[in-house]
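What follows is a single structure, written as C-alpha cells, with notes after it.
The values are calculated or read from the model by the stated rules, or taken from the named source; none is laboratory data. Treat the numbers as computed from the prediction; the structure is a model and nothing was measured. Here Cβ is always computed from backbone atoms with ideal geometry, including for glycine, and neighbour counts include all displayed protein chains.
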Amino acid sequence: MDDARWEKVVNLTGFNGNECYQCGVCTATCPLGYMGEETIDARNLIRRAQIGLDVTSGIWNCSTCKLCEQSCPRQVNIVNVIRGLRQFEFEERKAPDKIVAMLWDIYENGNPWGGKKSDRSKWADGLEVKDAEKGTEVLLYVGCDAAYNKDLHPALRSLAKLLNKAGIDYGTLGNKEMCCGEPVRNAGEAYYLDDLVKENISMFEKTGAKTVVAFSPHCKNMFEKYYRDMGFKIDVKHYSEFLSDLVKEGKIGFKEGRSGKITIHDPCYLSRYDGGDESIREILGTFPGLEVKEMEMSGKNSLCCGGGGNRMFIDFEGKRLSDFRMEQARDTGAETVITACPVCNMNLSDSGKTNGINLKVKEVAEFLEESVK
Amino acid sequence: MRRGRSMADKVLVIGGGIAGIQASLDLAESGAEVLLVEKSASIGGKMAALDKNFPTFDCSICIEAPKMSDVTHNKNITVLTLAELTEVKGEEGNFEVTINQKPRFVTDACTRCDLCVQACPQLRKNEFDAGVGARKAIYTPFSQAEPGPYLIDIESCLNDPPNYIACGRCTDVCGPEAIDFNMGPTVIKEKVVSIIASTGFDLLNASLLPEFGYSSDPDILTSYELERMLNASGPTDGEVIKPSNGKHPEKVLFVLCAGSRDNRFVPYCSRTCCMYSIKEASQLVDHGIRDVTVLYMDIRAYGKGFDELYSRSQKDVRYIRSRPASVKRKGDSIVVRYATDDGSLKEENYDMVVLATASIPSKGTGELANVLGVELSEDGFFKNEVEDPVSTTREGIFVAGCASGPKDIPDSVTEAGAASSKALKYVRDKEWIEEPPPPPLDVSGEPRIGVFLCDCGSNIAGVVNVKEVEEEIRKRPNVVYVEENKYTCAGSTQDSIVEKIKENKLNRVVVGACSPKTHGVTFQRVCSRAGLNPYLFEMANVRNMDSWVHKNEKVPATEKAVDIVNMAVSKARLLTPMDDIEFPVVRAGIVIGGGPAGMAAATSLSNMGIETHLIEKSGEVGGLLNSIDTVSPSTVKGREVLAKLDHDLKKSSATVHTNTTVKEITGFVGNFSVTLSDGEKMEAGAIIMATGADPYQPTEFGYGNDPKVVTSLDLEKNYSKLEGDKYAIMSCIGSRNGEKGCSRFCCSTMLQQAIDLRERGKTVRVFYKDIRAYERNAENLYKKAGEMGVQFFRYDPLNTADQAIEFDGSSLTFVDELSSTKMKAPADHLVLNIGLKPKDEEIFSQLKLSRDMEGFLLEVHPKLGPVEAAVQGVFLAGTVQGPKGVKESISQGYATAAKAAKLLFRGKISKEPIIPQIDQKKCVKCLRCADVCPYGAIKGERGKWIELVPAACMGCGNCVAECNIEGAISMPNFTDSQIMTQIDAATAEKPDEKLVVFACNWCSYAGADQAGISKIQYPPSARVIRTMCSSRISQKLVMYAFSKNPGAVLVTGCHINDCHYIDANEYTEKRVERWRHFLEAKNVNPERLQLWWVSAAEGNRFASKIREMDALIKSLSREEITSTETKLKGVVRR
C-alpha cells in the first residue's frame, strides 16, 4: 500500500467514499446489470479509493445516473467518487483516447461534438431570438447537445415559439455560447474546467439576466450545483420547469382535447439529481384527455438512457440501456415517449429506429407547442 | 390530598412494557405507591408479543406473564390502561400530574369466557399480531393480558355511545353483565414525587424501504410479523407459512439493518436485530426449513452468550455480508439481487423474505417530552448523560428502557432498576399495602390433588400429547381434578386455579409445566391466594426436562411426561403444610469495589437512607475509569464522569473504606457478617459485588517485548506522547476467541481512539471482525472515523488477529476481506484493542457465587434478573458480571441499589422452612449429624442432648443423609418417603430402561434446565428427582432406587468448591465412592451408580452424561438389571 497515493485519491474524491461500509447495494443496483452486462462494481471502486489502491476498470463506463446512490444507506456521493477517480486517471494520463479527443474539441470549438462555432445557433434560423449580450430578462442556454444535433432543432424551435407566445423577454448567447463544462468535469480535467466555468459565469452575468433557462438538465445541474460553488448567483431553471410555471400562470393557452396514450421517460438529471420529477407531469397534467402510462421504472427510480457521464463519446458493444428502455416504453402500450433531455432524446430515438420500435420520442416542449392555440 | 389507600409517596411510571413493569415492581416492593399508566389495553409491551428471547430461547411471555400478574396483584400498584399523561405541574418531590383514561366498556366482572367475542360481528386487524391476525370489536389483546377484562374498540363497535343501534349481541351473551356502554372517559389528578418514562419504541414502517418491496408482496414480512407467526398462540398457531398461499416456505432470507444504520431513515444501530434475526433464523431451521440465509453488515453479538448462539447457528444458517439492492416478486419466487465481498453479483430466489426493521421512538414521544418538560436527542429518544444513564434533562424525571434508545430486555430491566433507585430518593413515606390472607383451607382429610397441565403454547404441546397425559393422570389415586391450559402461568389462568382450588376443595396442587426454579414461587403464591398452604404445591418440569430435549421423540416424551407428572403427584400426596420462618434484616448494605458501578450503587443506596459501606482495595475510587481518556461512545471525558460520580458519592452519607479489602463474608441474606482487612467487622443485609474485571494481558504481536506494540489501555494514558505516523489498531485481542466472548465496550473505544489518532494527524488502519457500534452514538463514531479517513480492514472473523495478520516490525501482511485482496501495509505502531477477563476473588467462593462459562459472575436470570446473583441478598454491578462500558456499569450500579433497597426496607425476610426436624425420642445423640453440618447449626453433647439452630441452618440435608437411625432426623419437603415415592413413580413402567437422576437445586438441576433452554437433545430415559443438595442423598435412598431394578442411578451436584452449602458435596463424593464399593460387594456392577458434577451453565455437560449413561444401560443385559433387587435383598429399607 502506498500512503502517498492514498492521500491523493482521498483528496481527489473529496473524502466522499470514506464512510462507505461496503454493503454492495450500489454494485447490485447499477442499471448496466439490467442488460445482463457486467455492472460497474462501484463498491469495489470505493473500497479501492478508501485505501488508495489502483482502480482497474469501470470508472469510464459510469453514466453518472445516480441510481446507485438512491439506495445507498450511507448516502455516499458515489458519482463524485467516480469523478475523483477519473481525475486521478486523467492526471496520470490514463484517460481513454476518445475522451481526450472530445476535450480537444471543447478547447477548440467550445463543444464536444466537433461542430463549428459558427453552426451553434443554426437551429434558430428564421426565428426571432434576441442576442442576450444586449441585456435580457431570461438567458436561454441552448447547450451543445441540442445545438449540434439536427433532430433536436424542432424541439428547440418549439421552445422558442412558446417563449415568444408567453411574451418572455429572453435571448441566447448565439454562437458565443460555450460548453457548460459538464463533459470536462466528467472527464476529470479540473484545471480547464475551472477556466471554462469562470469564463461562462462572467459571460452570463454580463447579460444582466435574472434567470438562466437551460435546455439540457445536464447543463442546468452544472449551473445549479457546480457554478454555485464558484460564486454564480443567477437563478437557474430547466426549460420544463420554466414552462410548467408559465402554464400554471396561464401565460400559455391550449386547444381543447388532447388525447392518446403517452409514457414519460424521466431524465436522471431532472428526477434524481434535482428531485424534480414533477414538471413534465405538471405540463402533461393540463391535458385531461391524455392517458399517461408509467413505465416500470419512473420518477426518481427512472432507468438511465445510458448517455450521461461522457458515455456518448465512447463506443460500447452490445445492447444499450436505451434499447432496454424503449422496450419498457413499448410494453406500456403508449404511442409516444415524452422526455426533457437532449441526451435521452437522442439515445431513445436512435434505439427506437435501430430496433424497429415504432414509438415517437418527443421533447415535452415540442409536445406542448403542438397544442398551443 | 391523597387519593389512594396508602400513606406512601407515589411515583408515576409511564409505559407498561417490561421496563415499566420492572420499575413498578422495584418501587412497590420498596414501599412506594406506584401509578402505572399504559396507553394500550394491556401491560406487557413488545416483550409479550415475542415468541422466544435470545440467546436463551426462553419463552418470552412465560417469563414475563408472572411479572405482569405480580404487578396486578401488588396492592401498592395501580394500573391505568388506555390512559395517557396530559399535564405535569410542580417540581421534583411534588409533581401534580393529570391523566386521561379512555373507557374500556367492560367492567372487572368480566370472566374472560370469550362468549362476547364469538357473538361480535365486527372483524378487525389484530394490532398485537402485527395485523397478521384478526380480532373483534370486543376483544382481549392476548390471552395473558393484564388487567384481565376484555375491552370494546368503540370505533369498530356498531354502537356509538350515546347512540345505540340494536346490536347488543355481546351484552346478550355476557352472563356477569360486565359490558357497560355508559362508561365515560375519566380524568385523574394525582400528586407524585417522581416520574419514570418507560415508553419503549416502535418499528419503522417497512413500506418506507422501497427497495425491499414490503408493501408489494405478502411474503415479504417484518421480523415482528414472523415472531407472531412463530408463536404458538399467534395467528398461525406457530406454523411458519407463506401468507400468499398458506404453504411452508423452503428458502427464507433475513435482511438485517432494514432502515437502521441508514442515513435515509435512522442512522443509528437498532441494537437487537442481529440477535433476534439469528434467533428467528435458528427457529426456522428448527421448523424444518433447510435453506435459511442472513444478509448482514456486521453481526453485533455483543452480549453474554450472544456470540455462542451466533456460532452455533452457523452450522445451519448461511451468513453473507451484504445488503440487497432489490427484493422483487417474479412468478413463484421473490428475486433478491445483492453483491458479495468477493465481488460477485447474485440473483437468488426465495420463498419468503424477513426484514429486521429499525427501532424508532415510540409514537407520541415528542408530545410526552413536551408534557414532561424534558428534551429529546437528535435521534428522537430521551436525552441523558453517561454518568446518569437514566436521567432526563429535568430533575425528578427518569427514563428507562427503549425510551432512551433501542436496547434488549436485560438492559431495559437494568435501567428500570436504576430509574427506580433514583426515584426512591424522593420517596420518604413508605408503606406495604397487604390484604389480609384468605382463611386457610382445611387440609386435614384425604389428599385431594388438582393437576394443571400447561401446553406452554407449542413448547410442550408440540411434542407431548398433553391430552394423553391428562387421561393417564386422572386415573391416579387422590387425583380429583385435572385440566389442560394453553399457558398455566397466564394471570387469568392463575385466577382460575384459585377458583378451581376452592370449587373442588383441592388440598394439593400439581402444575405440570416448566421449571420450579423459574415458576415455582408464582404457583405457590396462587395457592396462597386460595388459602392453600404453599408447601402443598409441587411442580413437574415437563418442558425443560422433556419436551424441549426430546423434540423428535413424541411417544417416549409423552410417556416421560406421564412419569414426571406422576412423580409430582406421588410426592404431593405426602406433602405437609409448613410455615415460612421470618428473620430480621440488618438494614445496611456493603458495596465491594469502588469503580463506577460500585460508586453509583453506594451513592444511590445511601441516598435512599440506608447505611452503606463502600470497600475499595486501592487508595482511590474510580477503578479503570481513572485510566480512561474519553468515555466512548459518548464524547465525555473520563475525568468529568469520575468527578461527577465522586461528587455525588461524597455528598451521600456512604462510608468509603479505601485501601481495604474484604477478608471474610459469612452469613446469609439479610444477615451477612463481613470482616475487613483492617480487622473491622460489620453486619449487612445485602452485598453488592462491584469488584470489576481485569484488562486482558496480551502476548499477541510480541506485546511486552516490542515497544512498538501497545494496548488500548496504554494508549488511553499516553495520548500526549505519541511517536510515529502510521498506526494500526487490532480489534478483539483476547476476545471472541474460543470460549472468550465479545467484550462489548471495545469497538466504541477503538473507534474513539482511531478518531483521536487521526485528529493528531496519524494514518490509522483499523483491523476488525465486526464493528459492534451498537450503543447510542457509537454508529456516529464509526461514520465519523470513516469520514476522517480512518481505513477499515476486515480480517477473517474465524481467526484471531494474530493468526490473520502478520507483523514483521514495520509492516503488516493480511487479507482484506472487504475486497478479498492480500495486502501489505506499513505500520509504526500497533494498538491492541483489549477486552476484559474475569477476576478471581476469594469472596466469590465464600459467598458461593456461580460463574458463567467465561468465569464472570452468573446472574440469576439472563433476561429478567441481570443484576441479581442466584445467592439471595447478593447483587452484581458492572464488569464483575461481564464486560461492559462505563455507562452500562453505572446503570447496573444504580439498579443493584434498587434491588438491595427492596430487601432492606422491609426490615424482615422470610425463609423456607426447609430445616431438619429431629425426633428427640428416636435420636441417640451420637452427633454424627452435627459433625457433618457445614454451618455448625446442630449443637449438642454426645449421648446427652442435641439441638438445631434454625437461623444457622441452610437446609442442605447432609445431616439427614449421614444419620443411621431410622426416623431420627428428617428433612421437610424432601423426606425419605417423599423421595422414595418419586422413585416408585419413576420406575413404575419399564424400570430397566430408566435412569434415576438425583439433582441438586442450585447447579445440576439448573444445568438440566439449561440443557432444555438450549434445546440440547438427549435420550428420554432420565427421571430427575430434585433435592436442595446432593448431600441429601443417603445410602437408604440409593439402595432403595436400585431395588426397583432401574438401568442405572446418577447422582449429580455442583462442582467441588461450587457447593452452595460450603463443602457438603464433598460428603456426597465420599459416599458415592463407598456405595459403589458396597454395590460391587453385592455383585452389582458399580458402574451403574455414578457421580457427575454439572454447573448451572453446563447444559451440554448434563446432556452428554445422560447420553453416556443411556448407552451404558443399553449395553447391559436385561437379566443383569432385573436381578438387582434380589442381590440387594436385606439391605434395602423402606
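Having 3 or more residues that are crowded, with 21+ Cβ neighbours inside 10 Å is the bar; report the helices (runs of 4 or more DSSP H) wholly within segment B:912-987 that clear it. Don't jump to the end; show me each part of the working.
On the way: elements: B:928-932, B:958-962, B:976-986.
So the answer is B:958-962, B:976-986.
Taken together, the criteria exclude residue B:769 from residues that are at the interface with chain A (Cβ under 10 Å from one of its Cβ atoms), surrounded by 17 or more Cβ atoms within 10 Å (Cβ to Cβ) and modelled with pLDDT of 95 or more. The number of residues in segment A:3-16 being more than 9 Å from chain B (Cβ to nearest Cβ), part of a loop (DSSP other than H, G, I, E, B) and not hydroxyl-bearing (Ser, Thr, Tyr) comes to 2. Report, by residue number, each residue of segment B:313-360 that is assigned to a strand (DSSP E or B), crowded, with 19+ Cβ neighbours inside 10 Å and within 14 Å of chain A (Cβ to nearest Cβ). Result: B:321, B:327, B:336, B:337, B:338, B:339, B:355, B:356, B:357.
Taking residue B:211, is it touching a residue at least 12 places away in the same chain (Cβ under 8 Å) and within 14 Å of chain A (Cβ to nearest Cβ)? Taking the combined requirement at face value, the residue satisfies it. Touching a Cys at 6+ places or on another chain (Cβ under 9 Å), at pLDDT 95 or above and either surrounded by 24 or more Cβ atoms within 10 Å (Cβ to Cβ) or in a helix (DSSP H, G or I) (or both) - does that describe any residue in segment B:1069-1078? No. Screening residue A:55 against (1) in contact with a Leu (Cβ under 6 Å, 6 or more places away or on another chain); (2) facing chain B (nearest Cβ under 9 Å) leaves a single unmet condition, (2).
Among the residues of segment A:66-89, is any farther than 26 Å from residue B:259 by Cα and either in a loop (DSSP other than H, G, I, E, B) or of a type in the set (Asp, Glu) (or both)? Checked against the condition, which is being farther than 26 Å from residue B:259 by Cα and either in a loop (DSSP other than H, G, I, E, B) or of a type in the set (Asp, Glu) (or both), segment A:66-89 yields at least one hit. Just checking, does segment B:840-853 include any residue being at pLDDT 95 or above and in contact with a strand residue (DSSP E or B) (Cβ under 8 Å, 6 or more places away or on another chain)? No; the residues of segment B:840-853 include none that is at pLDDT 95 or above and in contact with a strand residue (DSSP E or B) (Cβ under 8 Å, 6 or more places away or on another chain).
Restricting attention to segment B:491-524, the residues that are β-branched (Val, Ile, Thr), at pLDDT 95 or above and closer than 23 Å to residue B:465 by Cα add up to 4. Checking each residue in segment B:1024-1036 for being surrounded by 24 or more Cβ atoms within 10 Å (Cβ to Cβ) and either closer than 23 Å to residue B:463 by Cα or among the aliphatic types (A, V, I, L, M) (or both) picks out B:1024, B:1033. The residues of segment A:18-52 that are more than 10 Å from chain B (Cβ to nearest Cβ) and either under 24 Å from residue A:325 (Cα atoms) or assigned to a loop (DSSP other than H, G, I, E, B) (or both), listed by number, are A:31, A:32, A:34, A:35, A:36, A:37, A:40. Does residue B:790 fit the bill of being touching a helix residue (DSSP H, G or I) at 6+ places or on another chain (Cβ under 9 Å), of a type outside the set (Lys, Arg), farther than 30 Å from residue B:1060 by Cβ and at pLDDT 95 or above? Yes; evaluated as a whole, the condition is true for this residue. Is it the case that residue B:220 is in the same structural domain as residue B:393 (by TED's automatic domain parsing) and modelled with pLDDT of 95 or more? Judged against the criteria, residue B:220 is not a match. Looking at segment B:197-208, is at least one residue within 14 Å of another protein chain (Cβ to nearest Cβ), in contact with a helix residue (DSSP H, G or I) (Cβ under 9 Å, 6 or more places away or on another chain) and either surrounded by fewer than 21 Cβ atoms within 10 Å (Cβ to Cβ) or under 30 Å from residue B:376 (Cβ atoms) (or both)? Within segment B:197-208, one or more residues are within 14 Å of another protein chain (Cβ to nearest Cβ), in contact with a helix residue (DSSP H, G or I) (Cβ under 9 Å, 6 or more places away or on another chain) and either surrounded by fewer than 21 Cβ atoms within 10 Å (Cβ to Cβ) or under 30 Å from residue B:376 (Cβ atoms) (or both). When B:1103, B:1081 are screened for being among the hydrophobic types (A, V, I, L, M, F, W, C) and surrounded by fewer than 18 Cβ atoms within 10 Å (Cβ to Cβ), only B:1081 passes.
If you scan segment A:256-284, which residues turn out to be assigned to a loop (DSSP other than H, G, I, E, B) and in contact with a helix residue (DSSP H, G or I) (Cβ under 9 Å, 6 or more places away or on another chain)? Within segment A:256-284, A:258, A:265, A:266, A:267, A:272, A:273, A:274, A:275, A:276, A:277, A:278 qualify. Taken over segment A:20-57, the residue count meeting the criterion of being buried (at least 22 other Cβ atoms within 10 Å of the Cβ) and acidic (Asp, Glu) is 1. Looking at this structure, is residue B:875 crowded, with 20+ Cβ neighbours inside 10 Å and at pLDDT below 95? No, not satisfied. Scan segment A:73-82 and tell me whether some residue there is under 23 Å from residue A:217 (Cβ atoms) and more than 14 Å from chain B (Cβ to nearest Cβ). Yes, segment A:73-82 contains a residue that is under 23 Å from residue A:217 (Cβ atoms) and more than 14 Å from chain B (Cβ to nearest Cβ). Just so you know, in segment A:320-366 the residues that are aliphatic (A, V, I, L, M) and over 20 Å from residue A:238 (Cβ atoms) include one that is nearest to the chain's Cα centre (by Cα), and it is A:321. Taken residue by residue, segment B:891-904 has no member that is assigned to a loop (DSSP other than H, G, I, E, B) and crowded, with 21+ Cβ neighbours inside 10 Å. Going by the structure shown, is residue A:327 without any contact (Cβ under 8 Å) to a residue 40 or more places away in the chain and part of a loop (DSSP other than H, G, I, E, B)? Here the answer is no, as residue A:327 does not meet what is asked. For segment B:578-599, taking the residues that are part of a loop (DSSP other than H, G, I, E, B) and in contact with a Lys or Arg (Cβ under 7 Å, 6 or more places away or on another chain), the one that is farthest from residue B:527 (Cα to Cα) is identified as B:585.
Has segment A:113-129 got any residue that is within 14 Å of chain B (Cβ to nearest Cβ), surrounded by fewer than 19 Cβ atoms within 10 Å (Cβ to Cβ) and part of a helix (DSSP H, G or I)?
No, that holds for no residue.
The single condition among (1) outside any loop (DSSP other than H, G, I, E, B); (2) surrounded by fewer than 19 Cβ atoms within 10 Å (Cβ to Cβ); (3) within 14 Å of chain A (Cβ to nearest Cβ) that residue B:720 does not satisfy is (3). Could you tell me whether residue B:525 is surrounded by fewer than 24 Cβ atoms within 10 Å (Cβ to Cβ), under 25 Å from residue B:479 (Cα atoms), touching a helix residue (DSSP H, G or I) at 6+ places or on another chain (Cβ under 9 Å) and of a type in the set (D, E, K, R)? Taking the combined requirement at face value, the residue satisfies it. State the number of residues belonging to segment B:648-681 that are buried (at least 18 other Cβ atoms within 10 Å of the Cβ), outside any loop (DSSP other than H, G, I, E, B) and among the small types (Gly, Ala, Ser). The total comes to 1. Taking segment B:776-861 and the helices (runs of 4 or more DSSP H) fully enclosed by it, the elements with 2 or more residues that are at the interface with chain A (Cβ under 10 Å from one of its Cβ atoms) and either buried (at least 22 other Cβ atoms within 10 Å of the Cβ) or not aliphatic (A, V, I, L, M) (or both) are at B:778-787.
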